[in-house]
Every structure is written in structure tokens, then in C-alpha cells.
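Engineer: Take a look at the following structure, please.
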Amino acid sequence: MKRLYSLALLGLLSACAPAQIQRTQANTNALPFQADFTDAGVTWVAGGKAFVARAPSFRVQPAPLPTPAVAAAWVGSVAWGALPDAGLIVTLDGPPETQVVGRAVRLSHQRVYLQDGSAVTYSGSAADGLLGFPAAVLTGGDGEEYALVGGNLYRPGSPPTLLSAGAQSYLYSLPGRGAATANVPTVQTDAGLYRLTGAALERLDGAGKTVTSLPHGPGLIGTVGGRIVTLSAAGQLRVFLSDLREVRP
């Protein structure tokens, strides 16, 4: 099935790619490490490769792709990846599906963002976008779109709305309220704020005081089914209860 999926994608690439396109060796060190966490599980890209680990087993499945992926996101229970060199977004597991969208570089739960900041829906319809390359995007806890462009936090629109100048580099959702930024990977839940400092996994209370801390390497963090899940660039997943007791996936 994986081989048939790859061949189908390659056929589509041959049919729709412009004749003048130039292929170059991808610099995998420059490709993003990015992940999306929902109750469905975790999907991510690292070094141009895409992966899906569905809850509750969290068994890691690599996606067979013909060109490097730079972003992954859940749309409901379906994991999608962005392949800018091919001008496509594709499903990463399950029934293969593709959309020709152009040079997609970031994905939220609702929109596909292209290199110039313009946006489309997953069905290919035009949507409110941004002015400039989006460093990070997400669908916030209020259902609105948020993005980091040029170090500032925006809400996409016509024109985009500047929400915060000089925002920090990590964008995370606020349950029921929108989005915020932090200087390290962070996730907000009803039980508190959790962050990865590069050396530790920390839980903070409402006043910003660290109440629990344990050794942990660098990575990304999110929630799946009410549990805290961390992910390393090498693909190691760890699962914790709200008090940071580690449990097996």
C-alpha cells in the first residue's frame, strides 16, 4: 500500500509540476522540526520526513513521501503534510489524498499558508492570509487563526491584525481564549502551564511559579487526551499525567 501511495503521488507530480521547475538537494539541517498534538495523536516533521503516532498506542508510522515535508497538522482525525517542492498538501496516513495548493510552508487546523503568507482552505478555496513568510501558525483555543511573522504576532485577515510586536518564538494555544507566545516550547491546560526548557520539563502554577520539574532534553510539547506529551527531534515520545508522573504510551 505504501509503495502504491508513493507511485500515485509521483504520477501526480509528473502531471502537474511546471516544466521549468529545478530540483535541488534538500538541506535537511535547515528543514523545520514541527509537530501538532490533538486527541487524535501526534503528527510531526523532522529533517524533511513526516510521521504520525496515533493515540492511544502512539506507534510511530513514517509517511511515504516523494519530496521533503516542512509542516504537519491534524484536520479532525486526518493528518496532513505540506510538500512545498511539489506544490502539494497530502494526507500522511490512511486513504491517500492530495491537493495542489502551491508552495505550502505552514499548516493549521483550518488553513494552508503559502510562502508569501497567502492562505487557502484544505479544499483549496482562498482564505484570509498574512503579509510575509509565516514562521509559525495555529488555530487558537477560540477557533481563530494566529501566526508569527517577522517576530510579531498576527491574526490573519484583510489586512492582518497586529496583536503583539516583538513576540517570542514559540506559539501556543490558550484553551477557549486564543493564543500566546513563549521563549521555549509551551502548552497551557486547565491544570497549569507546562514547558520544556531544554534541560527540564516544568509545570508552573497560575502565578508562574514552578511546582514540578524533572530532567528532560529539548523537544516539543503538547496535549493528547488530557495527557502531556513530549517529542524529541529523533522521534522519542514520552507521556505524562498532569502532575508529571510518566506513564507508558
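The values are calculated or read from the model by the stated rules, or taken from the named source; none is laboratory data. As the structure is a prediction and not an experimental result, all values here were calculated from the model. Here the Cβ is made from the backbone with ideal geometry for all residues, glycine too, and neighbour counts use every protein chain on show. All accessible areas refer to the heavy atoms of the entire protein, side chains included, with ligands and DNA or RNA removed. Shrake-Rupley method; radii C 1.70, N 1.55, O 1.52, S 1.80 Å.
Engineer: What is the Cα coordinate range of segment 48-87 on the first, second and third principal axes, sorted by size from largest, in whole angstrom?
Structural biologist: 33, 19, 11
Engineer: Among 206-215, 64-73, what's the highest-first ranking by average C-beta atoms within 10 angstrom per residue?
Structural biologist: In descending order of packing, they fall as 64-73, 206-215.
Engineer: At 1.4 Å probe size, with the rest of the protein present, what percent of the exposed accessible area of segment 60-212 is carbon and sulfur atoms?
Structural biologist: Details: 3200 of 6380 Å².
So the carbon and sulfur contribution to the accessible surface is 50 percent.
Engineer: Sticking with this structure for a sec: Around THR189, which amide H atoms from residues at least 5 apart in sequence, or from another chain, sit under 5 Å from its own amide H, with H modelled in the peptide plane?
Structural biologist: Under 5 Å from the amide H of THR189: TYR194.
Engineer: State, as an integer percentage, the relative contact order of segment 82-127 based on alpha-carbon contacts under 8 Å between residues 6 or more apart.
Structural biologist: 27 percent
Engineer: Also: On average, how much accessible surface per residue is there in the chain, in Å², for a 1.4 Å probe, leaving out ligands, DNA and RNA?
Structural biologist: Counting only protein heavy atoms, the per-residue value for the chain is 48 Å².
Engineer: Could you tell me how many cubic angstrom of Cα convex hull volume segment 50-190 has per residue?
Structural biologist: For segment 50-190, the hull spanned by Cα atoms encloses 116 Å³ per residue.
Engineer: With θ taken as phi - 60° and the coefficients 6.51, -1.76 and 1.60, list the Karplus ³J(HN,Hα) couplings across segment 38-55 in order, rounded to whole Hz; mark glycine and proline as x.
Structural biologist: 9, 4, 6, x, 10, 10, 7, 10, 8, x, x, 9, 10, 9, 9, 10, 7, 6
Engineer: Using +1 at the C-beta of Lys and Arg and -1 at the C-beta of Asp and Glu, which of VAL42, THR139, PRO249 has the Cα lying farthest in the positive direction of the dipole of the chain?
Structural biologist: PRO249
Engineer: Take the Cα gyration tensor of segment 109-160, multiply each eigenvalue by 5, square-root it, and list the three semi-axes largest first, rounded to whole angstrom. Before the final figure, lay out each step's value.
Structural biologist: Details: eigenvalues 46, 34, 17 Å².
Semi-axes, largest first: 15, 13, 9 Å.
Engineer: Return one number: the angle in degrees, 0 to 90 and rounded to the nearest 10, between the long axis of the Cα atoms of helix 2-16 and the longest principal axis of the Cα atoms of the chain.
Structural biologist: Approximately 60 degrees, to the nearest 10.
Engineer: How long is segment 107-248 along each principal axis, judged by its Cα atoms, biggest number first, in Å?
Structural biologist: Projected onto the principal axes, the Cα atoms of segment 107-248 cover 44, 30, 26 Å.
Engineer: Report, in debye and to the nearest 20, how large the dipole of segment 100-148 comes out about its Cα centre when Lys and Arg carry +1 and Asp and Glu carry -1 on their Cβ.
Structural biologist: 220 debye
Engineer: Also, I was wondering about something else. Jot down the radius of gyration and Dmax of the chain, Cα atoms only, both in angstrom.
Structural biologist: 17.9, 58
Engineer: Using the scaling law 2.2 N^0.38 Å as the reference, what is the normalised Cα Rg of segment 164-210?
Structural biologist: For segment 164-210, the normalised Cα radius of gyration is 1.13.
Engineer: How high is the relative contact order of the chain, in percent, counting Cα pairs under 8 Å that sit 6 or more residues apart? Don't skip to the end; give the middle numbers.
Structural biologist: On the way: 610 pairs, mean separation 25.1, N = 249.
Once divided by the residue count of the chain, the mean separation gives 10 percent.
Engineer: Bins of 10 Å, beginning at zero and ending with the bin holding the largest distance: percent of Cα pairs per bin for segment 169-249, please.
Structural biologist: 18, 59, 22, 1
Engineer: Given H placed 1.01 Å from N in the peptide plane, which residues other than close sequence neighbours of HIS109 have an amide H under 5 Å from its amide H?
Structural biologist: For HIS109, the qualifying residues are THR139.
Engineer: List the residues, sorted by chain then number, that are 5 or more residues from ALA63 or on another chain and whose placed amide H is less than 5 Å from its amide H.
Structural biologist: Amide H neighbours of ALA63: ALA50, PHE51, VAL52.
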